[in-house]
Amino acid sequence: HDSTRDSRVCDRIKAVLLASEGWSQAMISQALRIHESTVARHLSDYMLSEKLKPANGGSQSKLSATQTMHLIEYLTEHTYSHTHQ
């Protein structure tokens with residue numbers, strides 16, 4: 001869980017790890033300061049589909065791969081690194 005900055009993902013990982021060590025859902029919810037039903041959902045999501053990340057990961061791109069590449073190149077060339085530029 002140290003490799004992510006998203007606290008929701010960290011909580012999911014910690015909940016799964018603590019459950020694997022024999023902690024009850026009540027103990028996990030108290031330790032992580034989240035609702036017991038949230039712990040139950042995290043554990044259920046992990047058991048059913050090994051899900052550790054929230055589902056709200058964004059939308060599908062409307063650009064093609066080529067358009068995305070051109071946009072990145074353009075922004076790299078035309079975006080200022082500092083405000084004084």
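Which of the numbered conditions does residue 14 fail, given that it passes all the others? Conditions: (1) assigned to a loop (DSSP other than H, G, I, E, B); (2) touching a His at 6+ places or on another chain (Cβ under 8 Å).
(1)
So, in segment 48-80, how many residues would count as being surrounded by fewer than 10 Cβ atoms within 10 Å (Cβ to Cβ), more than 30 Å from residue 15 (Cβ to Cβ) and either in contact with a helix residue (DSSP H, G or I) (Cβ under 9 Å, 6 or more places away or on another chain) or modelled with pLDDT under 65 (or both)?
Of the residues in segment 48-80, the ones surrounded by fewer than 10 Cβ atoms within 10 Å (Cβ to Cβ) are 48-50, 55-62, 64-66, 75-80.
With more than 30 Å from residue 15 (Cβ to Cβ) added as a condition, the list becomes 61-62, 64-66, 75-80.
Next, from what is left, pick out any that are either in contact with a helix residue (DSSP H, G or I) (Cβ under 9 Å, 6 or more places away or on another chain) or modelled with pLDDT under 65 (or both): 61.
Adding up the residues that qualify gives 1.
Return a yes/no flag: does segment 25-42 have any residue that is within 29 Å of residue 72 (Cα to Cα) and either of a type in the set (Lys, Arg) or at pLDDT 90 or above (or both).
no
Can you name every residue in segment 3-16 that is over 16 Å from residue 33 (Cβ atoms) and modelled with pLDDT of 90 or more?
16 - this is the single residue of segment 3-16 that is over 16 Å from residue 33 (Cβ atoms) and modelled with pLDDT of 90 or more.
Which pairs have Cβ atoms under 6 Å, sit 6 or more apart or on different chains, and link a residue in segment 25-47 that is more than 13 Å from residue 8 (Cα to Cα) to one that is polar (S, T, N, Q)?
Close Cβ pairs satisfying both conditions: 36/25; 36/29; 40/25.
The values are calculated or read from the model by the stated rules, or taken from the named source; none is laboratory data. None of the values given here were measured: they were computed from a predicted structure. Quick reminder, even Gly has a Cβ in these numbers, built from the backbone with ideal geometry, and neighbours come from all protein chains shown.
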